[in-house]
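Working notes for the structure below.
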């Protein structure tokens, strides 16, 4: 079922993140580019959320499998570290999915000049209360911190802003 470049990009964009499977690599913003080479092969460029991310090998394998299922067996997956990934690349849809899954999404940092915005609290994804506290700087994965809500008493992960 070979499709054009837009079709293969859409298919690759639906590859789930193995650590947070409600998110796709497009939701996370780690899918940087999809191109067709002169030889007819597909070249996919991804940027890890951080340089030591253990999920990158699995994501690369899933990209290759997805491309093969769509009629593109010749695939090269490139990892591009510069510019470094930022949580600002996460889509609004990705932020919504995190919240619905019970993980507080990161605050947008933006690239505006001037004062650096400071997030004074993390809103609970379950009840919306800003009355939360950090329990551990590292949660179930290195990109998340463990928080607790003092209003509804539920623990939750916070996807750290990078």
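The angle separating the long axis of helix 56-69 from the principal Cα axis of greatest extent in the chain is about 40 degrees.
Taking 0.36 nm per residue of separation and subtracting the Cα-Cα distance, full extension of the segment from residue 134 to residue 14 would add 40.0 nm. Compactness of segment 5-85 is given as radius of gyration and Dmax, 11.7, 35 Å, from Cα positions. On a 0 to 90 degree scale, rounded to 10, what angle separates helix 92-101 from the longest Cα axis of the chain? Taking Cα atoms only, the helix is inclined about 60 degrees. Each of 50, 158 was scored by other Cβ atoms within 10 Å of its Cβ. Listed from fewest to most, they are 50, 158. Dimensions of the chain from C-alpha coordinates, computed as largest minus smallest value along each principal axis and given longest first, are 57, 34, 25 Å. Rounded to the nearest 0.05, what FRET efficiency is calculated for residue 96 and residue 68 with R0 set to 25 Å and r the Cβ-Cβ distance? So the FRET efficiency works out to roughly 0.25.
Every read-out reported here was derived from the displayed coordinates using simple, explicitly stated rules and does not represent laboratory data. Keep in mind the model is a prediction, meaning the values are calculated, not measured. Heads up, the Cβs are rebuilt from the backbone with ideal geometry, glycines too, and the neighbour counts pull from every protein chain shown.
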